[in-house]
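A quick write-up on the structure given underneath.
Computed from the coordinates by the stated procedures, all read-outs in this text should not be read as laboratory data. Model, not experiment: these values are computed from the prediction. Quick reminder, even Gly has a Cβ in these numbers, built from the backbone with ideal geometry, and neighbours come from all protein chains shown.
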Number of protein chains: 2
Amino acid sequence: MMLPDTFRALADPTRRAVFERLTASEMSVSQLTARFEVSQPAISQHLATLKAAGLVTERREGRFAYYRAAPEGLAPLVDWIDRYRSFWPERIDRLKDILKGLDDD
Amino acid sequence: MMLPDTFRALADPTRRAVFERLTASEMSVSQLTARFEVSQPAISQHLATLKAAGLVTERREGRFAYYRAAPEGLAPLVDWIDRYRSFWPERIDRLKDILKGLDDD
DNA sequence: GAATCGCATAAGTCTCCGCTTATGTATTGC
DNA sequence: GCAATACATAAGCGGAGACTTATGCGATTC
């Protein structure tokens, strides 16, 4: 929710990788565990941290817990970046190009 | 330089505040120390970390060391965000508004 | 040239955090 | 209903990191 939580949650490489994986598709805890080289509790702990930071949402289905990335959770980070991007003109142009490309769809 | 370094460097609140301060203006180590509630060595250590991550540059002048924010250092973070912003359409519109505002200058 | 100043580095402490194994709690299958 | 499955929580361990004080080193001042 708050910027420090966002930065902290994404600072750990494993946890960031979990988040990135969840941007591709929803996954259960055991499915995630199978893809990483840490234990199931470690994955659950990472998910709890990501969830607390608002970067992930949980969907319960029986004994399964499906997680997916929550894009809004990146808002604090995007806002922060945008603030400090303003003193960085060259970068803006690059972004404009990206957005231009999006318009062409 | 690399994304993990960028995230790690900015994860600490004090260090992030130092970086933010240096986006406003160049400052010497002692000037920075005066503005924060940690010791001079702590500031020097934070600056070393920021410098290693490419987020800050150093300018030597006699016995003084002046530091300033290096915008290019944010590139890894911006690139990362842009990748995961693509699956997040609503946010794009907000960005467009920001850029539109910049064009009006 | 001796003392001082600005900063970096060294060394040690303490807290946080990512991981493990062990266990608890639902839910499902037989 | 009992075993197995899916996940969370507990407890403990080891390492990383943010801080301190102490010290070293070049540049400046007198």
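Mind listing whichever residues of region A:42-65 are among the aliphatic types (A, V, I, L, M), more than 11 Å from the chain's Cα centre (by Cα) and not in a helix (DSSP H, G or I)?
First pass over region A:42-65, keeping only residues among the aliphatic types (A, V, I, L, M): A:42-43, A:47-48, A:50, A:52-53, A:55-56, A:65.
Now restrict to residues that are more than 11 Å from the chain's Cα centre (by Cα): A:42-43, A:48, A:52, A:65.
Within region A:42-65, just A:Ala65 meets the criteria.
Please identify the pairs in which a residue from region B:60-87 that is over 22 Å from B:Leu3 (Cβ atoms) and within 16 Å of DNA strand D (Cβ to nearest atom) has its Cβ atom under 6 Å from the Cβ atom of a residue that is part of a loop (DSSP other than H, G, I, E, B) and of a type outside the set (Val, Ile, Thr), counting only partners at least 6 apart or on another chain.
Note: pairs meeting the criteria are B:Tyr66/B:Glu26.
Filter region B:1-22 down to the residues that are more than 10 Å from DNA strand D (Cβ to nearest atom) and more than 14 Å from A:Ile81 (Cα to Cα) and list them by number.
Scanning region B:1-22 gives B:Met1, B:Met2, B:Leu3, B:Arg21, B:Leu22.
Looking only at region B:69-83, which residues are more than 7 Å from chain A (Cβ to nearest Cβ), of a type outside the set (Gly, Ala, Ser) and under 26 Å from A:Ala70 (Cα atoms)? Steps first, please.
Step one: list which residues in region B:69-83 are more than 7 Å from chain A (Cβ to nearest Cβ), which gives B:69-70, B:72-73, B:75-76, B:79-80, B:83.
Retained after the next criterion (residues that are of a type outside the set (Gly, Ala, Ser)): B:72, B:76, B:79-80, B:83.
Passing the criteria: B:Pro76, B:Asp79, B:Trp80, B:Arg83.
Name every residue in region B:6-30 that is farther than 13 Å from B:His46 by Cβ and of a type in the set (Phe, Trp, Tyr), in order of residue number. Reasoning before the result, please.
Residues of region B:6-30 that are farther than 13 Å from B:His46 by Cβ, as a first pass: B:6-7, B:23-26, B:28, B:30.
Across region B:6-30, the qualifying residue is only B:Phe7.
Out of all the residues in region A:1-41, which are surrounded by 15 or more Cβ atoms within 10 Å (Cβ to Cβ), free of Cβ contacts under 8 Å to residues at least 12 places away in the same chain and within 13 Å of DNA strand C (Cβ to nearest atom)?
Passing the criteria: A:Ala11, A:Arg16, A:Thr33.
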